[in-house]
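Below is one structure, written out as structure tokens; comments come after it.
Every number here is computed from the coordinates shown, using simple stated rules; none is lab data. As the structure is a computational prediction, the values presented were derived from the model and not from experiment. No Cβ is skipped: glycine too gets one built from the backbone with ideal geometry, and neighbour counts run over all protein chains shown.
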Amino acid sequence: MYKPPVAFFGFNRPDCTKVVFEEIRRFRPEKLLLVADGPRSTVPTDKLRCEAVREIMTSVDWECEVKTNFSAENLGCQNRMSSGIDWVFSQVEEAVLLEDDCVPTPDFFRFCSEMLIRYRNDPKIMHIGGTNFQGGRLRGEGSYYFSKFIHIWGWASWRRAWQHYDVTMSSWPQAKQEDWISKIYSTQVERDYWNKMFDIIHSGKAHTWDYQWLYACLRQDGIGIIPNVNLITNIGAGPDATHTKGADGSLEIPAGTLGELRHPQNILVNRAADRFTFDEHCGGKELFRERKLVNRVRRRLSKLKHKFFAGAKFSHEKL
């Protein structure tokens, strides 16, 4: 079986890092690229914890080419992840990417390996995800489906796709002015949601890196692959997490196995699956409900206004 390069990203969580590294060790990739952020000067415990993480990440006991990109200072999630992935794809043409809280199943590596080969030269396919948020719903007849969503809890991609990434989203103002988002999403609720989200990311108010990757894929009319079975368990929720400080049920998705891979006959986005993801994980269901309520109120006000002016006209004519 082809074993693609694996990129592993860590920071200051030795316990999580060890769990994920054990799964990487079981896969035994032939090339391992290690990326780690540096300690925060404001957190006294970071130095020792970062050192412990790096010791775990470099404890390779199988035949493997290892390259490291460890930062001496803290860059933060946005800059460390974006610069780290830049570095990964400067080293290799394609890779599987795992953060320190994303525990893969053995099928995850097999799935990514086959998808990387199968769609290597298809520019429309830009992302291979390992996470499934469909709650057990099977989409299509294949082992995976195609999506506009980009899930980054365990993923794989190619240099040819990542070259379009821009952490600053510098093209967003022009894209917004052209109402480009209307070409991507069919409902006003979705358009409003993504316009607002991309505004926030472009303004720098949210220090993240993954929405920029989604934007890059959408701008290239690219799509992602999502397995019909969840292949990643996220163990990152808790006080040490960057974003998920509290308990989050969405992190506790059971992982399964794919069996023999069955490929979809056509490369078409599964709109039902994407609508479900938007409704359940982006708050779309509530947003649609609110919009219906607003529209209902507007229609009622319009009728009252029509009746009022009709009555006023009738009274005037009587006079």
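Here ASP179 and ALA272 are evaluated by their C-beta separation; at R0 = 25 Å the FRET efficiency comes out at 0.45. Where in the range 135-173 is the amide nitrogen less than 15 Å from a point lying 7 Å along the Cα-to-Cβ axis of ARG219? Residues 161-173 fall inside that zone. Entry note, the chain: the mean residue ellipticity at 222 nm calculated from DSSP H runs of n ≥ 4, each adding -39500 (n - 2.57), is -14000 deg cm²/dmol after division by the residues and rounding to the nearest 500.
Measuring nothing but alpha carbons in the chain and taking Rh as the Kirkwood radius, the Rg to Rh ratio lands at 1.08.
Per-residue extension of 0.36 nm, minus the Cα-Cα distance of LYS124 and ALA72, leaves a gain of 15.0 nm for this segment. Taking chymotrypsin sites (Phe, Trp or Tyr not before Pro) across the range 1-30, the ones in a DSSP loop with at most 12 further Cβ atoms lying within 10 angstrom of their Cβ are TYR2. Relative to the longest principal axis of the Cα atoms of the chain, the long axis of helix 284-318 lies at roughly 10 degrees.
The HIS207 and SER171 beta-carbon pair, evaluated with R₀ = 22 Å, returns a calculated FRET efficiency of approximately 0.65.
Under a Gaussian network description of the chain, with springs only between Cα atoms under 10 Å, the residue in GLU178, GLU55, GLU252 that fluctuates furthest is GLU178. With the highest mean first, a sort of the peptides 113-122, 226-235 on other beta-carbon atoms found within 10 angstrom per residue produces 226-235, 113-122. Working from label points 7 Å from Cα in the Cα-to-Cβ sense, the VAL43 to THR187 distance is 3.7 nm. Extension gain for MET1 to ARG28 (0.36 nm times residue separation, less C-alpha to C-alpha distance): 8.6 nm. Its residue count N fixes a reference of 2.2 N^0.38 Å for the range 39-119, and the Cα radius of gyration divided by that reference is 1.29. Here the Karplus relation 6.51 cos²θ - 1.76 cosθ + 1.60, evaluated at θ = phi - 60°, turns the backbone of the range 122-131 into coupling constants of 9, x, 5, 8, 10, 8, 10, x, x, 9 Hz, with x for every Gly and Pro.
Scoring 98-109, 73-84 by mean Cβ neighbours within 10 Å over their residues and listing the highest first yields 98-109, 73-84. Legend: calculated FRET efficiency, ARG159 to GLU286, from the Cβ-Cβ distance at R0 = 35 Å, rounded to 0.05, equals 0.35. Extending 7 Å from the Cα toward the beta-carbon at both GLU260 and ASP279 defines two label points whose distance is 3.4 nm. Amide H to amide H, with H built 1.01 Å from N, LYS31 comes under 5 Å of VAL6, GLU65, counting only residues 5 or more places away or on other chains. The stretch between TRP62 and ASP199 holds 44.7 nm of extra length on full extension. This uses 0.36 nm per residue minus the Cα-Cα distance.
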